[in-house]
1. Assuming R0 = 51 Å, can you tell me the calculated FRET efficiency for the pair Asp403 and Gln284, based on Cβ-Cβ distance, to the nearest 0.05?
2. Ignoring ligands, DNA and RNA, please state the percent of accessible area on the chain from carbon and sulfur, probe 1.4 Å.
3. Can you list the residues, at least 5 places off or on another chain, whose amide H is less than 5 Å from the amide H of His114, using H built in the peptide plane?
4. Given H placed 1.01 Å from N in the peptide plane, which residues other than close sequence neighbours of Val342 have an amide H under 5 Å from its amide H?
5. Just how large is the dipole of the chain about the Cα centre, in debye to the nearest 20, putting +1 at every Lys and Arg Cβ and -1 at every Asp and Glu Cβ?
6. Once both axes come from the Cα atoms, what is the angle between helix 279-289 and the longest principal axis of the chain, in degrees from 0 to 90, rounded to 10?
7. Could you pull out the pairs from Lys423/Lys455; Lys215/Lys503; Lys173/Lys455; Lys39/Lys365 whose alpha carbons sit more than 31 Å apart here?
8. Under the Karplus relation 6.51 cos²θ - 1.76 cosθ + 1.60, θ = phi - 60°, what is the ordered set of whole-Hz ³J(HN,Hα) values for region 443-449, x standing for Gly and Pro?
Amino acid sequence: MSAYKSSDASLNPGIDASTRAGMMQRPLLISSLIEHAAKNFGDTEIVSRIVEGNGISVTHRYTYRDANRRAKKLANALKHLGVTKGDRIATLAWNGYRHFEIYYGVSGMGAITHTVNPRLFPEQIAYIINHAEDTFLFVDLTFVPLIETLMPGLESIKGVVVMTDRAHMPFAKIPNLLCYEDLLAAEVDDFEWPLFDESTPSGLCYTSGTTGNPKGVVYTHRSTICHTYAAMSPDAFCLDSRQVVLPVVPMFHVNAWGTPFMCPAAGCKIVFPGAALDGASLYQLFEQEGVTLSAGVPTVWLGLLNYMKTHHLKFSTFKETVVGGSACPPAMIESFERDFDVTVIHAWGMTELSPLGSMNRLRTKHLQLSIGEQLAIKAKQGTPIFGLELEIMNADGKPLPHDGLAFGDLMARGPWVVEHYFKEEMSPLRDGWFPTGDVATIDADGYMQITDRSKDVIKSGGEWISSIELENIAMAHPAVLEAAVIGVAHPKWDERPLLVVVKKPGVTVDAEELLNFYDGKIAKWMRPDAAAFVLQLPHTATGKLLKTKLREDFKSYKLPDA
Ligand code: ADP
């Protein structure tokens, strides 16, 4: 093992090395997480649903000790493939144990794990792989046909590794098609994770690029470990070794919000759901594995909760879920808690923040409040996790009061916040703060609430109307399955809100009833001018409402008095 030296003496000007060297300068490295889990929680399980063969869902189980051994074999295999420090290795894969091994094998040996979102348009996938100059691509069987089509346009890929065994290897017109299990079988697990500078890049994720081309965010070993410490702490995920965690959020969506790093640090059992994210499959897995904590975007929970209500089911072990990625409607928080005894921890973050920024748990003083008052607090996106700072600013960059009323551009800074996008010269920072593109309020207790993404806010007669607030109200109506509110052009007011709704199956409701539902819940002038019904709403590759598409669809919509 090589000795490690702190790389940044510039932060200690005038202090000589003998005064500075009071404590060890052990680098913060991702390999330490799996090594810790293997040594101290060696027999703790990692359970995965895999889809191999004829689409039959199989459950695979092994332990942290096994995962560490196989990640080491993978690191040896990568070396033999010629992979060196800094190389980008792409994945197109579901949540599963092999993907987990890649997280550690690739980053642990000093290369960069680049998780690609398979739900993006094929042209975007090709753009991202070429932009990142990925050298090898690891794919689940599901995505082999996609890669077969894209392969001629993938300029830097030297080989494609199918994450399966020899028996399930597909026939595909892909040059240098390799078998994951063959690669590992040829290696020994005798490998010592190397020590290197903690600022070495470890991971790469692209923002989903709802407007313009996706941008790459390069995480480092240090940023990942700092994020892990903060995200697993009590007022955040509150992880300990007795938890059983099922990340529904994909490992290709900002590292499944950090769960594949937090779980080994805490020593908790992980349950990977694979490709089956429908209500029935998830429910069965939650019960079979005794899941206690989960994490995912609101749309996936809509599916699970509806399935459970239809079949009159209850959870036996599931206690808490982290919901984020887009605003969690209060009606969903209420239903989780009242109908299923599951506490919702509302969370906010973004690719540029690794991704966690804030999480919402109640304080002691909130416990005597009424259910309704508590719900109003839980609807907020929460307080910053330690290490991250949030501020709201006006257009001149001046901080605004933290009174829960003033709203402005939400800014973030901290050790796991982006400073430069991959291969971009210009830093997005403003006076050392990262502008998130969200508009928010912060109250006196530090609870932040997102009013809107700045591009989604509805500008009516010089005032701003929060589309999220209007959507949250609509979601509380018993006939509404999903709701979106967008601004539609208006000759007098510039823009007015239009409510677009997907009804629950088998119910009847008209526009008037939905619009009247706003009475008494919001100022009159904020009430949507009209409601339209659709069979489904457009979503992004990460399950959020795709408002750019919706605005396009309703571009020529005529409001009643326009
Ligand atoms: P993108 O969709 O741009 O790839 P991310 O997955 O990084 O990006 O999403 C980040 C954005 O998602 C945030 O800037 C914010 O607008 C939205 N978001 C995330 N969590 C929440 C939440 N709990 N409430 C409201 N908006 C959220």
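1. E between Asp403 and Gln284, to the nearest 0.05, is 0.65.
2. Working: 12980 of 24000 Å².
Percent of accessible area from carbon and sulfur atoms in the chain: 54.
3. Placed amide hydrogens put Ile89, Ala90, Thr91, Leu204 under 5 Å from His114.
4. Those qualifying (amide H under 5 Å, at least 5 residues apart or on another chain) are Glu337.
5. Values: 52 positive and 64 negative charges, 80 e Å.
Result for the chain is approximately 380 debye, rounded to the nearest 20.
6. Once rounded, the angle reads 50 degrees.
7. Lys215/Lys503; Lys173/Lys455; Lys39/Lys365
8. For region 443-449, the Karplus-derived couplings read 9, 5, 8, x, 6, 9, 10 Hz, x marking Gly and Pro.
The values are calculated or read from the model by the stated rules, or taken from the named source; none is laboratory data. Owing to the predicted nature of the structure, the values given are computational and were not obtained by experimental measurement. As a convention, Cβ positions derive from the backbone with ideal geometry for all residues, glycine included, and neighbour counts pool all protein chains shown. Side chains included, ligands, DNA and RNA excluded: accessible areas come from the protein's heavy atoms. Shrake-Rupley method; radii C 1.70, N 1.55, O 1.52, S 1.80 Å.
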